[in-house]
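Values in this text are rule-based calculations from the coordinates and carry no lab data. All values derive from a computational prediction rather than experimental measurement. Glycine also receives a Cβ, built like all others from the backbone with ideal geometry; neighbour counts cover every protein chain displayed.
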Amino acid sequence: MKHSPEALSWDDLRIVKAIGEHGGLMNAAFALGVNHSTLSRRLSALENALGFMLFERRRTGYLPTGAGVELLDLSRRMESDILAVMRRMTGRTEELNGELRITTSDALLVDFLTPIIADFRAMHPGVRIEVIVGNQCLNLARGDSDIAFRATLSPPENLFGRKMATVAWAIYGRRIDYLDREVPEHALYEAQWVSYGRGLSGLKAHGYIDRRVSPRNISYRSDSVYGVAAAVRNGIGIGILPCMHGDLDAGLVRIGPVASEVHDELWLLTHPDIRRSPRITAFMTHCARAIETKRDFIEGKRPRAESSA
């Protein structure tokens with residue numbers, strides 16, 4: 001029974017292509033990963049099914065007949081088409097689309113996360129980003145958000161993620177007031193201070209200030225790290241801030257060393273049910289790489305001139 005055109009498979013054409021390009025059975029069999037006798041039987045079966053010879057068997061090798069040349073050309077075109085389709089399909093997997101909701105705090109967003117998001121969007125313009133700013137814990141299981149980017153020492157146990165870095169904190173003052181000079185520790189706590197409100201009472205920084213500074217010297221409170229930084233920048237008082245925020249603010253200067261007892265952990269979190277979503281995986285991988293290059297900055301080890309690079 002002869003082969004109809006529909007019955008000629010890609011596997012058949014691979015045999016023709018390998019023998020035609022290698023000029024014989026031995027090298028073709030090696031290229032296809034089969035043994036010599038198996039390839040010989042398969043070629044004979046194909047020629048019998050087609051009803052015509054595809055190769056002349058000569059001492060110097062296998063020479064394609066007119067029909068063999070046509071099938072050899074067809075096999076090359078098909079291989080080229082298959083590779084082109086695979087490249088396009090691979091490209092589509094990289095061209096992510098859809099919405100991605102991220103929850104984070106204002107301080108993390110304004111100076112730190114926004115450039116990371118911008119770089120991600122440049123690579124994946126089909127992804128639309130919505131950022132929900134706040135200190136409250138949204139319900140990722142309910143779909144309030146897809147990814148949480150948080151500075152915390154106690155990430156929710158029901159979420160999947162990883163610790164990115166340790167966030168260092170230090171005491172900052174307005175630059176024009178302190179002119180890049182450190183202040184003796186005993187004098188720091190006699191100054192006017194900006195502290196954190198009840199909404200951020202869980203911060204180590206909140207307790208750090210309350211234990212050292214008299215209430216009469218706390219002239220301003222805010223439940224926003226960004227708000228505290230703005231108050232310090234405007235001369236309301238000195239305050240303790242994450243180095244990853246304070247070191248980027250040209251109006252602020254460190255007036256004391258990193259406070260070792262005040263620290264947070266930077267966590268990137270998502271719900272286990274959506275962790276394998278292409279958008280989630282791509283964004284979390286992108287963040288991890290970006291944060292790794294900024295680890296010294298986050299941990300307060302890098303001067304401002306280097307951190308802004």
Estimated inter-spin distance, Asn234 and Asn27, nm [label 7 Å along Cα→Cβ]: 8.0 nm
Against the rule of thumb 2.2 N^0.38 Å, how large the Cα Rg of region 166-265 comes out: 0.94
Where a label projected 7 Å from the Cα of Lys204 along Cα→Cβ would reach, residues of region 229-273 with amide N under 13 Å: 241-243, 258-266
Equivalent ellipsoid semi-axes, the chain, via Cα gyration tensor eigenvalues times 5, rooted, Å: 69, 19, 15
Förster radius 45 Å - calculated FRET efficiency between Arg275 and Glu79, Cβ distance, rounded to 0.05: 0.75
Where N is the number of residues in region 10-90, Cα Rg divided by 2.2 N^0.38 Å: 1.12
Tally of Lys pairs whose C-alpha atoms are under 30 Å apart, taken over the chain, 8 or more apart or cross-chain: 6
Estimated inter-spin distance, Glu292 and Val131, nm [label 7 Å along Cα→Cβ]: 2.4 nm
